[in-house]
């Protein structure tokens with residue numbers, strides 16, 4: 001997760017959630033006005049798992065939104 005970014009984007013978004021496949025260097029990113037655990041879970045399910053299959057590993061920076069029981073399940 002990147003942010004908060006100042007100045008905000010024209011749509012009011014100030015956080016960017018990024019997922020990178022380190023093998024292929026493919027990247028997925030989405031911006032948000034604020035980030036919650038449920039938004040992170042939805043992004044992983046919709047934009048990663050449903051498109052590309054279950055990742056072998058998820059590496060995080062241990063941010064509070066990414067370090068929770070819902071992610072490991």
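The values are calculated or read from the model by the stated rules, or taken from the named source; none is laboratory data. If you're wondering where the values come from, they're calculated on a predicted model, not measured in any experiment. Cβ atoms come from the backbone with ideal geometry, glycine included; neighbour counts cover every protein chain shown.
Tabulated results
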read-out	value
Pair list, Cβ < 6 Å and 6+ apart or interchain, from the range 32-60 residues that are free of Cβ contacts under 8 Å to residues at least 60 places away in the same chain to residues that are surrounded by 15 or more Cβ atoms within 10 Å (Cβ to Cβ) and assigned to a loop (DSSP other than H, G, I, E, B)	32/13; 33/13; 35/65; 37/65; 40/65; 60/66
Residues of the range 13-37 that turn out to be surrounded by 11 or more Cβ atoms within 10 Å (Cβ to Cβ), over 22 Å from residue 52 (Cβ atoms) and at pLDDT below 90, as a count	1
